[in-house]
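Everything below concerns the one structure shown next.
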Amino acid sequence: MKHSSDFLIIGGGVLGLTLALELKRRYRDCSINLIEKENAVGCHASGRNSGVLHAGIYYPKDSLKSRFTREGNIELHQFCADHNIPIRRCGKLIVTKNEAELSTLDLLHARAKANDVPVESLNEDEVKKLEPMAQTHERALFSPTTSSANPKDVMAALAKLAQAAEITLHTNTAFRKFDGQNVITTQGEFQSGYVINAAGLYADTIAKSFGFAQTSKILPFKGLYLYAKQPMIQTHIYPVPDLNYPFLGVHFTVNAQGDTKIGPTAIPALWREQYQGFDNFKFGEALDIGFRSASLFISSNFDFKRLAMTELRKYSKKHLVKQAQALVPTCKFQDFAQWGPAGIRAQLVASDSGKLQMDFLFEGDERSFHILNAVSPGWTCALPFSRFLCDEIDKKIV
Ligand SMILES: Cc1cc2nc3c(=O)[nH]c(=O)nc-3n(C[C@H](O)[C@H](O)[C@H](O)COP(=O)(O)OP(=O)(O)OC[C@H]3O[C@@H](n4cnc5c(N)ncnc54)[C@H](O)[C@@H]3O)c2cc1C
């Protein structure tokens, strides 16, 4: 069967859906097919993330992340309010473990100011008053605009809007290849005026079949969450991160229902959708990722070895809780019950330098457009980021 439309979007995550809705808003009469390989939207990162509406503290001023997080935070709060999605306005503390971390805390404060994001500097007593469980060394930062919502609720609301906007959603339809004219899928051919690739963990391989993403490849990092038996804290508690990596370190989050969890980890995965056991195992993929991980491990230009060794230890619940005790000293191993559903980061790595890409990236031409490295805080940024991406697409197709 052959389908045809003005736009074809590959991937039913938050970016695929928000892009489709934005295109419909701009070009009311356009036809859009969206293909998704799973039987529903939001089965990967967009439905498996921490659900934190980030404020925009961490990112350097000239980055796409800084440009869209503050705005995305405001717009996602409004979206949730408009669609009756519960929000927990819990705020977030960034605490320090020692003297050495204070300078990074100050840098984060400066970045927040530059990004026009409200933060307050708190002393130890003020931290205790705000969150008696948290511990800091001398000072901490508090972000009042960081919140939580259930990512699945957001995806369900977006899917409803897509249906109402007559965007045709083809689930159980996987991209196979681009033959130079049409996109070939497991459910037949799709002909379209313009193709947009928002395929998350597979965005790089799909981009390659259009001649893009020649200098980078996704390396998957697994985010595990350990749930507390009962609510422990009122506000998110994060450590000062190592700014050389795009990950934020072991932290406590309060989800929309008020549950407490620690994580997510950033454990190197052996294949792209390695959620549990041998789920979604692909031999060729495991071989390629195993080989690339081994060469990163040996090479000295990027400290993958240290990251991998630190993260792999977090498969142990005991070790993870021990790490978390640096933020909440009174938490105990017995307070935590079980692992929750994992999420996997579609982290892009530059092939030449082996460096982890820190910002969102995109490539495209007059026929196709590819969103790469849509890592955290991509969920928070999705609404304004998709508008920006549509501006970029507009420039390519005129
Ligand atoms: C552990 C974790 C925690 C995170 N926490 C946060 C957070 O708290 N706040 C925040 O703002 N961001 C967070 N993020 C980041 C956020 O989840 C992502 O930036 C965002 O979901 C990316 O959306 P996406 O649409 O690009 O990708 P995805 O949601 O992965 O969507 C891609 C879709 O493409 C489909 N697809 C792939 N291959 C094919 C194919 N061949 N054919 C058809 N379809 C295909 C997939 O099935 C998938 O549905 C987190 C991410 C992870 C992994």
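The values are calculated or read from the model by the stated rules, or taken from the named source; none is laboratory data. All values derive from a computational prediction rather than experimental measurement. A quick note on method: Cβ atoms are made from the backbone with ideal geometry, for glycine too, and the neighbour counts reach across all protein chains shown.
Checked against (1) among the small types (Gly, Ala, Ser); (2) more than 16 Å from the ligand (Cβ to nearest atom); (3) outside any loop (DSSP other than H, G, I, E, B); (4) out of contact with any strand residue (DSSP E or B) (no Cβ under 8 Å at 6 or more places or on another chain), GLY284 passes all but a single condition, namely (2).
For segment 303-311, does any single residue satisfy the condition of being closer than 21 Å to TYR245 by Cβ, of a type in the set (Asp, Glu) and at pLDDT below 95? Yes, there is a match, as at least one residue in segment 303-311 is closer than 21 Å to TYR245 by Cβ, of a type in the set (Asp, Glu) and at pLDDT below 95.
The listed residues are CYS90, CYS80, and the only one of them that is buried (at least 17 other Cβ atoms within 10 Å of the Cβ), assigned to a loop (DSSP other than H, G, I, E, B) and within 22 Å of the chain's Cα centre (by Cα) turns out to be CYS90.
For every residue, the table says whether it meets (1) at pLDDT below 95; (2) over 28 Å from TRP339 (Cβ atoms); (3) within 12 Å of the ligand (Cβ to nearest atom).
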position: LYS37; (1), (2), (3): no, no, yes
position: SER46; (1), (2), (3): no, no, yes
position: ALA55; (1), (2), (3): no, no, yes
position: HIS83; (1), (2), (3): no, yes, no
position: ARG89; (1), (2), (3): no, no, no
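Filtered by the rule that a residue be under 17 Å from ARG345 (Cα atoms) and more than 20 Å from the chain's Cα centre (by Cα), segment 257-279 gives a lone residue, ASP279. Selection of segment 97-140 for residues being farther than 26 Å from GLN230 by Cβ and among the small types (Gly, Ala, Ser) yields ALA100, SER103, ALA110, ALA112, ALA114, SER121. Only residues that are within 15 Å of the ligand (Cβ to nearest atom) and charged (D, E, K, R) were counted across segment 348-386, and they come to 2.
The sole residue among ASP29, ASP6 that is away from the ligand (no atom under 13 Å from the Cβ), part of a strand (DSSP E or B) and either in contact with a strand residue (DSSP E or B) (Cβ under 6 Å, 6 or more places away or on another chain) or over 15 Å from ASN197 (Cα atoms) (or both) is ASP6. Among the residues in segment 210-224, are any in contact with a Leu (Cβ under 7 Å, 6 or more places away or on another chain) and closer than 30 Å to PHE333 by Cα? Within segment 210-224 (the criterion being in contact with a Leu (Cβ under 7 Å, 6 or more places away or on another chain) and closer than 30 Å to PHE333 by Cα), the answer is yes, since at least one residue qualifies. Filter segment 207-247 for residues that are in contact (Cβ under 8 Å) with a residue 24 or more places away in the chain and part of a helix (DSSP H, G or I); which is surrounded by the most Cβ atoms within 10 Å (Cβ to Cβ)? Per the criteria, the residue is ALA207. Only one entry in VAL183, VAL127 is over 23 Å from PHE360 (Cβ atoms) and within 11 Å of the ligand (Cβ to nearest atom), namely VAL183. The set of residues in segment 190-206 that are surrounded by 15 or more Cβ atoms within 10 Å (Cβ to Cβ) and in a strand (DSSP E or B) comprises PHE190, SER192, TYR194, VAL195, ILE196, ASN197. Kindly indicate whether THR18 is surrounded by 23 or more Cβ atoms within 10 Å (Cβ to Cβ), under 14 Å from ALA162 (Cα atoms), among the polar types (S, T, N, Q) and within 9 Å of the ligand (Cβ to nearest atom). It is true that THR18 is surrounded by 23 or more Cβ atoms within 10 Å (Cβ to Cβ), under 14 Å from ALA162 (Cα atoms), among the polar types (S, T, N, Q) and within 9 Å of the ligand (Cβ to nearest atom).
Put simply, of ASP204, ASP259 the only residue that is touching a residue at least 12 places away in the same chain (Cβ under 8 Å) and within 12 Å of the ligand (Cβ to nearest atom) is ASP204. Just one of the numbered conditions (1) part of a strand (DSSP E or B); (2) under 18 Å from PRO246 (Cβ atoms) is not true of SER121: (2). Residues that are small (Gly, Ala, Ser), on the phi < 0 side of the Ramachandran plot, over 15 Å from the mean Cα position of the chain (by Cα) and surrounded by fewer than 21 Cβ atoms within 10 Å (Cβ to Cβ) are absent from segment 359-368 altogether.
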